[in-house]
Structures are given as structure tokens and as C-alpha cells.
Amino acid sequence: MPNCKTVVPYRGTPEQEEELLRFVAEHKGQPGGVMPALQKTQQIFGYLPEEALILVAEGMDVPLSELYSVASFYAQFSFNPKGEHQVSVCLGTACYVKGSADVLEAVEKKLGIRTGSITRDGRFSLDATRCIGACGLAPVMTVGGDVYGRLTPDQVGAILDKYM
Amino acid sequence: MAEKTVNLTINGLDVTVPAGTTILEAARSVGIRVPTLCFLKGVNEIGACRICVVEVKGARSLVASCVYPVSEGMVVNTNSERVRHSRQLTLELIMSNHRMDCLTCARNSHCELLSLANELGIDAVRYANDHLLPQIEDSAPHLIRDNSKCVLCRRCVSACHKLQSVGVISPNERGFRTHISSAYDRNLDETDCVSCGQCIVACPTGALTVKDDTAKVWAALNDPTKHVVVAPAPAVRVTEGECHGLPIGTNVEGKLITALHRLGFDKVFDVDTAADLTIMEEGTEFLDRLQNGGVLPMITSCSPGWVRYCEMHQPELIPNLSSCKSPQQMLGSMVKTYYAEKAGIDPKDIVMVSVMPCTAKKYEVQREEQRLPNGCMPVDISITTRELSRMIKRAGLLFDHLPDGQFDPLLGVSTGAGTIFGVTGGVMEAALRTVSVKLAGEGMQVDFREVRGMKGVKEAGYFLPGRTVRVAVASGLANAKALLERVKNGQAHYDFIEIMGCPGGCINGGGQPTQSAEVRSFTDVAGLRAKALYQQDMDMPLRRSHENPEIQAIYRDYLGEPGGHKAHELLHTHYVPMKKYRPDQI
């Protein structure tokens, strides 16, 4: 499940927080103000850190649970930052029938994290993606800009080792 | 001008109702019941569960009668084959995601889902769900959540957000993964939950249940080395009967006392007595603040849900909170000092049990600031009205057949002022009865009717020698929040404010007997319970706390002056500002 609490420390700067608080103050009390505030938070921090959502909750006088409820409903929001190396495994139809679920499982095992989250040191984040248009290479995994195709689960370890 | 009305037919009957009425209520007005699940009038009106669907002539699909307003000439059928079939299928699908351990479920005797299955004639489980495992969250002192029994009606969410303005729970994620939980799925004890329990009494199933502490009470009763004392709160005597089939608003004080004696408690004292004691202390504190320039408005501190809310959501008002412990804690404090001394019992051998309408009391008894100078906690176990009813049933006591009993002496005599502590406005009225006499002498009025009633916020001014005392009363934390906003930004000025965490006060507490949404929606449950308390108050020979002979004896023989040194040591406490949100430090 992608929307678990992150294990990476919060690194928000006072400037980022100030920018968010300015936005929140402008939108306080507006009907439907929660969505833009969540989008702004993600734009500033790259994800939705709990510390930043608390600023939004207190600034807008909206319960934190309401923000989390909305944010966890929509796929556009992430509760985890992206790692230095962003690993994606395609779960599009072609990759899926070629066994990409097993590849994904092998990556989870290798990195010791669940899909949608990030390693404690912040180096690797893992996502499952829809079709990336490389069906001829199915099943496909990308690490940053590098594409790896026709994968089997036992190849995953050696590929990721190159980035460690 | 006459109210605008609408004419329609429901099941062939002509109906005339005010414009804006829902189909559900229009049907009820002519004796037609439409089953509901997610609907809880005034709290949760979202038309989500689709159990209450009805057929409206000309409408493309079935409509949710709980939120659909009537219109002129509308033709409604609440009982067609199509309607019955749709309701059945909807319920079967809801049940397919509900773990059915009905035999051992705490709610099995009053589960709304079970009643619906019966009523709608579900006689087989077509969509089995044996794969569902319990999903227990039991971090809070007062409740257990098992989302495998949750039907996602959102009644708890609405209670938390709309009635209480706390909003610690919401529906998280979407689709099959939707579940009720807190932000970041944190455990409840890491959130700003105030333990009020309004979510529990709003829940139609066993997904939210009170944390059952009766095993601890049985263990104490079975232990021959322990001296086990019990005391029920004011509001419990007008609700315990509901658990035993008696009508809402029946005063069962006498039977309750007998039941407690027969369960084997060594002493049965009365929290009403401690309520009188609270008035002595709180009244003294108020007069002191009023006459010596103390922080005003003073705000009552009897309701632990409110106190916790104040500490987390309005910490700037902590100096306004009365330093008095709540009646539960005052009684426990007196039992483990005054009573222990009089009876010659080591307070460490006493197990103090309280029976409360309140789930937040389970949290309050654990608060370290409440500890007595002799090292004891004032109260050891706090059980709710519902938990007591389980003990009574388990012991085979036919509640309705029990003769009336009497509270034990020393801490068993009370006044009408103590009795009305259980209802919104009651603490204020009790305080005014004593404070007015202290200021103006005998001959003052006993009844202060302006602070009575089920309105969320009540205000009054009373002319007492020297000045007018301006008071306000709020029940339900959403009402309290609105009132306090006005106080904080200078729009309203009061000397004394009473706040009870639950709407209507303790009579409507989270530990009280659960009533179905249908009863809650169409009966004034809190009003009936309140009426029974005011009746008892009227019938009492003494109606002002300071006239209570046992209270007079306590001050004469033990405490000295109200507000004095010893009273402060035993009966007062302090509060701690707390952060509402506490993210992990990684």
C-alpha cells in the first residue's frame, strides 16, 4: 500500500514552511480549500510530510484526519519522498502477464520496503507504474532513467547492486 | 404566514407535510417505517448506505429516502418488490464485508445490522467472508476498534467531527481499502482523541466497543484481601434500567443500589455526595476568583473529555479551568483517606470502582496528577453503565425484581444539587444554588431554569448582591468550541462557564446504553433521561449542596474549610497543556 507513513526524516526548511503558511493563510475558510492546500504542500516538499500537513491543519483549522482522508483517497498524492534512485516496476497488462508482479516482489525483498515507500537512508524509492510503453521489453523495470527489460526475479538483485 | 406544505402520496396514502421534509420522515408521519443504517438524524445525513431506498414515480433509479426531500405530487412506494429486492442485495453486500462473530460479539443483543438482516429477511449468507480477520486497535484506554466489523456508515466519523469538533477519525484510502482510522493510521492513543466515546454509541455494529474492565472488577470482588467500594454517577441511575428493558427515563436508583450490594461490593457509596463536595470546593473557588480578581470566566472541570480537549485544543484556557477534581475523583479521594481512616482500613487494601456514564473516566482514573499524598490513585477501575449491566446479568440478578436499597452512610447522602450534575446545566445550577446563598443569604431561589434544557449553548445573568453574575453552559464539544471562540475574541463575557463534553451532558455520555439510530433520531433520549434527574431533584428534601449533613461532617471532622489546605491537597488537581499533533521524531 503506497500511503504508509514515511521512514525518512523531515527535511523541510523554514523558507518552505513559510511559503506553505502564506498559502494556507490565503485559503483559510474557503470552501474546498483542502485540495489546493494539499497540492501546494506536495509541490513545495515533493510529497506530503506529516509535519507539513500539521501546519496546514492548524493553519486552516481543519482536523489532520480530514487532510489525510482526502490525501489518501487520491493517487496524485504521495506520503513518501522520492529516493535518489527511483525504482519503478511496470504493472501494465503486457508486463503483468509476463510476470512483473514477481519482479516487483523481488525488488521489495531486495530493498526491504513496500511498494510506494522509501528506504530509511533515502536512497531508493519504489513505485509500481502503469504501462510505460515498452511492452516489447516486458516485464520492465526502470531505475532513474535506466530501463531494464525481459526481466526475471533472480536478475533484480544484481541490477540494484550497481546503484548501492 | 402559514408554513408551506407539500402534498404527495406514499404507498397510496395521501400525505401533507411541510416543504423540505424528507421522504423518510413524511412516511413516518403516516405510520410507515423505512429501514435505515447510516442515517442518524442531525448527525449523519449522507444517504450513503442505500438501505433506505424507495421508489419514486418518474425517477430513473431508487432514491435514498433519508435525504430526499418531498415535492408536490410525488408518488412514493416504500415497499415494492423492486425496493425490497434492492435493500436485500445491498445488505447482503454490506454483510459480505462484515466479520460475523455474532455469538461472541459485545453488540449481539442490540446490533443494528443484525436487526436489519432479520427485518429484511436475509436467511442465508450468499457471499461468504470467512477470510476476514479481526483488525483490532485497542491503544486507547476506553475503546476497541475492530474494522472487520465496520460497515463504513460513517456515523462515528460524523459524531467525532460534527458533534465533538475533534475529528480524529476519517475514512482513509478508497474503494475496497476504505477504512475508518486516524491520520497516518496512527493509534488512537497517539492522536488528539478525548475519549468521549460518542463514536461508540453512534456505531450500529460491534466495530466500536467500550474496553471492558469488568474482569478486573470480578477479580477484586473475588479477592478476600480487598475491600471493594463502588459508587455510581448521577446519570447512571436514570439509564441503567434501559439495559434491562425498562423505558428510557426510568429512575432505578434503589434497584441499582441493591444490585451493587448483591454483586458483593463491601460498600456502595454515591457519586452524588461527591458532587455536593465538588460544589463546596468549586463554589468557593468561584467566589474567590470573583471577589479577589482571579481568572474569569472560570470553567468547570468535571468532564474529563472536555478537560482533555481543553488541554490539547484550547491550552490557553487552562488557567480558566477550575482546579477541582471531578466528582468521581473526589469520591475516590475521600474513600481512600476519610473513609479509610474512619473504617480503620489501609487505603492500599481498598479497590475503588466507579460506575460512570462516561468512557473518558477510564482515561481520567489513570491521570498521574490525580494521585493522593498517601500514594494511592483515587479510583482504581471505572466501568460504564453498559459494563455494569453485563455484570448484573452475569450474576443472574433480575433487575426489575430487585427491591430498593440504600447507599451506605458516610458518603451516601446527597442533595438534589448533586443529582442534577448528570445533565447539561446541572453543575451550573447546583453551583448557583450554593453561591447565591453564600452571597445573598437564605431566601434565594432554588431553581435556575434558564440553564436547563437540551440546547447546545445556554446563557443567563443572575443579579446577586454587588454584581450580576453572567453564566454560560455548553454541552457537546462542537458547541463548546463555538462558545469559547466568542469568549476568546471578546464577543461574549461570562464569569462562569459549565462545559460537558457530550451533547446533553452525562446522561448522553459515551458509556450510556446504546440506543438504535431510529430511537435516537425520533425520540428525545437525552430529554427523557434529564427529566428523570430533575424529577429526583424536585423530590429530594435537601436541594443545596451545603445543606448536606454528610458534607458538613466531612468539613467539620476532616477537611476543615472548603478551599482550605487539606481540601486542596486531596480534592484539587492541575492540568498539562498537550500538543494536538505529535509527529514521530525520526
| task | Go through the stretch B:157-208 and give me each residue that's modelled with pLDDT under 95 and more than 14 Å from chain A (Cβ to nearest Cβ). | result | B:Asp189
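For every residue, the table says whether it meets (1) assigned to a helix (DSSP H, G or I); (2) open to solvent by less than 10 Å² (accessible area, probe 1.4 Å).
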{"residue": "B:Gly294", "(1), (2)": "no, no"}
{"residue": "B:Gln328", "(1), (2)": "yes, yes"}
{"residue": "B:Thr337", "(1), (2)": "yes, no"}
{"residue": "B:Ser354", "(1), (2)": "no, yes"}
{"residue": "B:Lys362", "(1), (2)": "yes, yes"}
| remark: Residue set B:Asp130, B:Asp101, B:Asp123; condition over 30 Å from B:Glu55 (Cα atoms), more than 28 Å from the chain's Cα centre (by Cα) and either open to solvent by less than 60 Å² (accessible area, probe 1.4 Å) or not β-branched (Val, Ile, Thr) (or both); output residue B:Asp130
| In this structure, does A:Val89 turn out to be closer than 30 Å to B:Pro171 by Cα and of a type outside the set (Gly, Ala, Ser)? | yes
| message | Among the residues that make up the stretch B:439-454, is at least one of them part of a loop (DSSP other than H, G, I, E, B) and either among the basic types (Lys, Arg) or not assigned by TED's automatic domain parsing to the domain that holds B:Ile420 (or both)? | response | yes
| How many residues does the stretch A:48-61 contain that are touching a helix residue (DSSP H, G or I) at 6+ places or on another chain (Cβ under 6 Å) and part of a loop (DSSP other than H, G, I, E, B)? | 1
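Restrict the check to the stretch A:119-126 and report whether at least one residue is open to solvent by less than 30 Å² (accessible area, probe 1.4 Å), part of a loop (DSSP other than H, G, I, E, B) and in contact (Cβ under 8 Å) with a residue 24 or more places away in the chain.
Quick first cut of the stretch A:119-126, residues open to solvent by less than 30 Å² (accessible area, probe 1.4 Å) only: A:119, A:122, A:124-126.
Retained after the next criterion (residues that are part of a loop (DSSP other than H, G, I, E, B)): A:119, A:122.
Keeping just the survivors that are in contact (Cβ under 8 Å) with a residue 24 or more places away in the chain gives A:119, A:122.
Yes: one or more hits.
Can you tell me which residue is nearest to B:Lys162 (Cα to Cα) among those in the stretch B:463-483 that are open to solvent by less than 20 Å² (accessible area, probe 1.4 Å) and in a strand (DSSP E or B)? Please lay out each step first, then the result.
Just the residues of the stretch B:463-483 that are open to solvent by less than 20 Å² (accessible area, probe 1.4 Å), to begin with: B:464, B:469, B:471-477, B:480, B:483.
Checking the rest, the ones that are also in a strand (DSSP E or B) come to B:464, B:469, B:471-475.
Details: B:Leu464: 37, B:Val469: 31, B:Val471: 25, B:Ala472: 21, B:Val473: 19, B:Ala474: 15, B:Ser475: 13 Å.
So, considering only residues that are open to solvent by less than 20 Å² (accessible area, probe 1.4 Å) and in a strand (DSSP E or B), the one nearest to B:Lys162 (Cα to Cα) is B:Ser475.
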| Under the condition of being out of contact with any strand residue (DSSP E or B) (no Cβ under 9 Å at 6 or more places or on another chain) and not in a loop (DSSP other than H, G, I, E, B), which residue from the stretch A:77-102 is nearest to A:Leu38 (Cα to Cα)? | A:Thr93
| request: Select from the stretch A:54-79 the residues that are in contact with a Pro (Cβ under 9 Å, 6 or more places away or on another chain), open to solvent by less than 50 Å² (accessible area, probe 1.4 Å) and without any contact (Cβ under 8 Å) to a residue 24 or more places away in the chain and write down the one among them that is nearest to B:Gly175 (Cα to Cα). | output: A:Ser69
| remark: Counting only residues in the stretch B:536-563 that are surrounded by 14 or more Cβ atoms within 10 Å (Cβ to Cβ) and over 20 Å from B:Pro409 (Cβ atoms), the one nearest to the chain's Cα centre (by Cα) is identified as B:Asp537
| Within the stretch B:206-218, considering residues that are closer than 20 Å to B:Thr104 by Cα and over 20 Å from the mean Cα position of the chain (by Cα), the one surrounded by the fewest Cβ atoms within 10 Å (Cβ to Cβ) | B:Ala215
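Here's the yes/no breakdown for (1) farther than 21 Å from B:Met352 by Cβ; (2) under 20 Å from the mean Cα position of the chain (by Cα); (3) not basic (Lys, Arg):
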| position | (1), (2), (3) |
| --- | --- |
| B:Met298 | yes, no, yes |
| B:Ser301 | no, yes, yes |
| B:Pro304 | no, yes, yes |
| B:Val307 | no, yes, yes |
| B:Cys310 | yes, yes, yes |
| B:Pro315 | yes, no, yes |
| B:Pro319 | yes, no, yes |
| B:Ser323 | yes, no, yes |
| B:Ser326 | no, yes, yes |
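Out of the residues in the stretch A:9-24 that are within 14 Å of chain B (Cβ to nearest Cβ) and not in a helix (DSSP H, G or I), which is farthest from A:Ile118 (Cα to Cα)?
First, pick out the residues of the stretch A:9-24 that are within 14 Å of chain B (Cβ to nearest Cβ): A:9-12, A:17.
Subsequent filtering for residues that are not in a helix (DSSP H, G or I) retains A:9-12.
Values: A:Pro9: 11, A:Tyr10: 13, A:Arg11: 15, A:Gly12: 17 Å.
Ranking the qualifying residues of the stretch A:9-24, first place goes to A:Gly12.
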| remark: Within the stretch B:485-500, residues assigned to a helix (DSSP H, G or I) and in contact with a strand residue (DSSP E or B) (Cβ under 8 Å, 6 or more places away or on another chain) come out as B:Val487
| Within the stretch A:30-53, how many residues turn out to be more than 14 Å from every other protein chain (Cβ to nearest Cβ) and open to solvent by less than 30 Å² (accessible area, probe 1.4 Å)? | 3
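Determine whether B:Thr300 is farther than 30 Å from B:Asp404 by Cα, open to solvent by less than 20 Å² (accessible area, probe 1.4 Å), touching a helix residue (DSSP H, G or I) at 6+ places or on another chain (Cβ under 7 Å) and hydroxyl-bearing (Ser, Thr, Tyr). Explain how you work it out, then say what you get.
Numbers: farther than 30 Å from B:Asp404 by Cα: yes; open to solvent by less than 20 Å² (accessible area, probe 1.4 Å): yes; touching a helix residue (DSSP H, G or I) at 6+ places or on another chain (Cβ under 7 Å): yes; hydroxyl-bearing (Ser, Thr, Tyr): yes.
Yes.
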| Residue count for the stretch B:142-171, restricted to those that are without any contact (Cβ under 8 Å) to a residue 12 or more places away in the chain and open to solvent by less than 30 Å² (accessible area, probe 1.4 Å) | 1
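Residues in the stretch A:67-76: is at least one closer than 30 Å to B:Ser181 by Cβ, more than 12 Å from chain B (Cβ to nearest Cβ) and not in a helix (DSSP H, G or I)?
Pass one, the stretch A:67-76, residues closer than 30 Å to B:Ser181 by Cβ: A:67-76.
From the residues that got through so far, the ones that are more than 12 Å from chain B (Cβ to nearest Cβ) too are A:76.
From the residues that got through so far, the ones that are not in a helix (DSSP H, G or I) too are A:76.
Looking for residues that are closer than 30 Å to B:Ser181 by Cβ, more than 12 Å from chain B (Cβ to nearest Cβ) and not in a helix (DSSP H, G or I), one finds at least one in the stretch A:67-76, hence yes.
If a residue has to be within 26 Å of B:Cys502 (Cα to Cα) and either in contact with an Asp or Glu (Cβ under 6 Å, 6 or more places away or on another chain) or in a helix (DSSP H, G or I) (or both) to count, how many in the stretch B:393-438 make the cut?
Of the residues in the stretch B:393-438, the ones within 26 Å of B:Cys502 (Cα to Cα) are B:414-435.
Right, trim to either in contact with an Asp or Glu (Cβ under 6 Å, 6 or more places away or on another chain) or in a helix (DSSP H, G or I) (or both) and you get B:414-422, B:426-435.
Of the residues in the stretch B:393-438, 19 are within 26 Å of B:Cys502 (Cα to Cα) and either in contact with an Asp or Glu (Cβ under 6 Å, 6 or more places away or on another chain) or in a helix (DSSP H, G or I) (or both).
Residues are listed down the side, and each one gets a yes or a no for (1) surrounded by fewer than 24 Cβ atoms within 10 Å (Cβ to Cβ); (2) in contact with a helix residue (DSSP H, G or I) (Cβ under 9 Å, 6 or more places away or on another chain); (3) in the same structural domain as B:Cys358 (by TED's automatic domain parsing):
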{"site": "B:Glu173", "(1), (2), (3)": "yes, yes, no"}
{"site": "B:Ser181", "(1), (2), (3)": "no, yes, no"}
{"site": "B:Ile200", "(1), (2), (3)": "no, yes, no"}
{"site": "B:Ala220", "(1), (2), (3)": "yes, no, yes"}
{"site": "B:Pro224", "(1), (2), (3)": "yes, no, yes"}
{"site": "B:Val228", "(1), (2), (3)": "yes, yes, yes"}
{"site": "B:Pro234", "(1), (2), (3)": "no, yes, yes"}
{"site": "B:Val238", "(1), (2), (3)": "no, yes, yes"}
| note | By residue number, the members of the stretch B:564-586 that are open to solvent by 80 Å² or more (accessible area, probe 1.4 Å) and either within 14 Å of chain A (Cβ to nearest Cβ) or assigned to a loop (DSSP other than H, G, I, E, B) (or both) are B:His574, B:Pro577, B:Lys579, B:Arg582, B:Gln585, B:Ile586
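Only one of B:Cys324, B:Cys358, B:Cys310 is closer than 21 Å to B:Cys196 by Cβ, in contact with a helix residue (DSSP H, G or I) (Cβ under 7 Å, 6 or more places away or on another chain), open to solvent by 10 Å² or more (accessible area, probe 1.4 Å) and in the same structural domain as B:Ala492 (by TED's automatic domain parsing); which?
Just one listed residue meets the conditions, B:Cys358.
The values are calculated or read from the model by the stated rules, or taken from the named source; none is laboratory data. All values derive from a computational prediction rather than experimental measurement. For neighbour counting, all protein chains shown are included, and Cβ atoms are generated from backbone atoms with ideal geometry for every residue, glycine included. Only protein heavy atoms, including side chains, enter the accessible area calculation; ligands, DNA and RNA are left aside. Shrake-Rupley method; radii C 1.70, N 1.55, O 1.52, S 1.80 Å.
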